[in-house]
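Worksheet for the structure shown next.
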Amino acid sequence: MSTDLTQHEMKDKMQTQYETMLMEYAAGVLDEAQSLVMGAHASLSPYARRMLKKYECLGGAMLSAHCEPISMKKDALDCVMAQLDQKRAETKDEQTSAQPCHFEGVSLPSCLKDYLDQPSWQNIYPGMAIQNIETSCLKSKARLLKVDPGVKTPEHSHRGVEMTLMLDGAFHDESGTYSRGDLIIVDEDYTHQPIADERTGCICLVVTTAPIKLTGWKRLFNPFLK
Amino acid sequence: MKQQFLYENMLVNPLRFRVNEMMEPSISQASAEITHEALLGYVAKEQDKDAFARLFTHFAPRIKSYLMKGGASQDQADELAQETMLAVWDKADKYNPDKAAASTWIFTIARNKRIDALRRMKRPDYEPEDPALVADDMPHADERIGTEQEAGILETALETLPKEQAELLYKSFFEDKTHSDIAAETKIPLGTVKSRIRLALERLRGQNAVKALGK
């Protein structure tokens, strides 16, 4: 199916998909796994943060000027005013700073800290290993994926959406080379076989919303299904 | 939108307004429409409860409405709106008017409160003090994004959107729906939902560009 679209159309589609998910993340409608990818991506991408700010500005404009107010309870203001002094006193000492997240010698976005404990890689294919990430999601699955240098991902397509955030190293496929901070979002139209960088291999955060299925003769072997 | 244009000096330095007030009593006597940005500034710097009450009066009923559209009951929404405004009070010292409009900043607090209470999850997000954070590469480009000026332009521009486009933005931001959810609910094809939203955003950005040029 990927041959039906030209390279240009493919990139355009990926860009639209990317902007859509940025907006959905800013609006707060993505699930936990997808939000995790976007939050980690935003840590590594000033461009993404600028886009998010624009969408949040839109949300604020809508909230402030285009959301018909519904009266608060009569005592609501008084109730809140009464708590103001106490609130200030309570949170004066709560200065928490972001905890750095190190994993396998790689410095990762701090939002991943609560999701990664000790390395516990499972080999799923020669030269490829995953570490599952627990979330509350029913439809989305999150995992770290480690690919050894020069290894080519088996031919696979996927139903639903697949988000891949590069964390370390690089990989390349028909549409280009990707490295730390890059986020690739593809849907079921896109069949791709990324190759990990020949020197460094790569580590990425992958979230899928439906089981990946293998196409081609390797269909018999489907390590991504869990 | 009067408030955007009167007292523009105030949003640069809210304290300066106070000094002017003392020196030129005629200003303080005029019925001042103080921006939300300035009010937040008073809350942050002086723990000004009157300023906070004015913010509450404007934002709490809208946050309540926002939360109800997102699925909260009336009682729940009232309580959560109160908690949101308490968080605004609490975090006001972190607010920077150069970085965001008041409505932008308050929206993010309300959004996170909604995710926390209605979706029962902590929103994974980037943290500004994260050692792994890649710093802004274009500090000047950031200056205008999401600030009071842009918010003001957007508020006006939203009124000019065709109903079919505005509706989709409201569903995205207020009703906790992804584009796919919207397509399923409205029976509009997903591709059409995406292109209508894209058109809406382009239209809104177009207004931005025009205003920026006019400046």
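Return the only residue of A:Ala48, A:Ala98 being out of contact with any Cys (no Cβ under 6 Å at 6 or more places or on another chain) and part of a loop (DSSP other than H, G, I, E, B).
Exactly one residue qualifies, and that residue is A:Ala98.
Please determine whether any residue of the stretch A:72-93 is outside any helix (DSSP H, G or I) and surrounded by 15 or more Cβ atoms within 10 Å (Cβ to Cβ).
yes
Is at least one residue of the stretch A:139-146 touching a helix residue (DSSP H, G or I) at 6+ places or on another chain (Cβ under 6 Å), buried (at least 16 other Cβ atoms within 10 Å of the Cβ), within 23 Å of B:Leu190 (Cβ to Cβ) and not hydrophobic (A, V, I, L, M, F, W, C)?
The answer is yes; a qualifying residue exists.
Here are B:Tyr42, B:Tyr66: which of them is among the hydroxyl-bearing types (Ser, Thr, Tyr), surrounded by 22 or more Cβ atoms within 10 Å (Cβ to Cβ), part of a helix (DSSP H, G or I) and more than 7 Å from chain A (Cβ to nearest Cβ)?
On inspection, the qualifying residue turns out to be B:Tyr42.
If you check B:Thr147 against the conditions, is it more than 19 Å from B:Ile63 (Cα to Cα), β-branched (Val, Ile, Thr) and within 19 Å of the chain's Cα centre (by Cα)?
Here the answer is yes, as B:Thr147 does meet what is asked.
For B:Glu129, all conditions in the list (1) facing chain A (nearest Cβ under 8 Å); (2) over 23 Å from A:Cys111 (Cβ atoms); (3) loosely packed, with under 14 Cβ neighbours inside 10 Å hold save one; what is the number of the exception?
Only one criterion is unmet by B:Glu129, namely (2).
Could you list, in sequence order, all residues of the stretch A:118-148 that are assigned to a loop (DSSP other than H, G, I, E, B) and closer than 16 Å to A:Ser35 by Cβ?
Passing the criteria: A:Glu134, A:Thr135, A:Ser136, A:Cys137, A:Leu138, A:Lys139, A:Ser140.
Which of the residues belonging to the stretch A:2-41 are more than 24 Å from A:Glu155 (Cβ to Cβ), touching a residue at least 12 places away in the same chain (Cβ under 8 Å) and under 12 Å from the mean Cα position of the chain (by Cα)?
A:Met21, A:Leu22, A:Tyr25, A:Asp31, A:Glu32, A:Ala33, A:Gln34, A:Leu36, A:Met38, A:Gly39, A:Ala40, A:His41
Here is a list of conditions, (1) of a type in the set (D, E, K, R); (2) assigned to a helix (DSSP H, G or I); (3) farther than 21 Å from A:Leu58 by Cα, and B:Glu150 meets all of them except one; can you say which number that is?
Here B:Glu150 clears every test but (3).
Is the stretch B:74-94 home to any residue that is in contact with a helix residue (DSSP H, G or I) (Cβ under 8 Å, 6 or more places away or on another chain), of a type outside the set (Ser, Thr, Tyr), more than 7 Å from chain A (Cβ to nearest Cβ) and not in a helix (DSSP H, G or I)?
No, the stretch B:74-94 contains no residue that is in contact with a helix residue (DSSP H, G or I) (Cβ under 8 Å, 6 or more places away or on another chain), of a type outside the set (Ser, Thr, Tyr), more than 7 Å from chain A (Cβ to nearest Cβ) and not in a helix (DSSP H, G or I).
Just the residues that are surrounded by 17 or more Cβ atoms within 10 Å (Cβ to Cβ) and not β-branched (Val, Ile, Thr), please, taken from the stretch A:147-158.
Passing the criteria: A:Pro154, A:His156, A:Ser157, A:His158.
Can you name every residue in the stretch B:77-98 that is in contact (Cβ under 8 Å) with a residue 24 or more places away in the chain, closer than 13 Å to A:Met72 by Cβ and of a type outside the set (A, V, I, L, M)?
The answer is B:Glu83, B:Thr84.
None of the figures in this text is laboratory data; all of them are computed from the coordinates on show. Worth saying up front: this structure is predicted, and the values here are computed from it rather than measured. Neighbour counts are summed over all protein chains in view; Cβ atoms, including those assigned to glycine, are modelled from backbone coordinates with ideal geometry.
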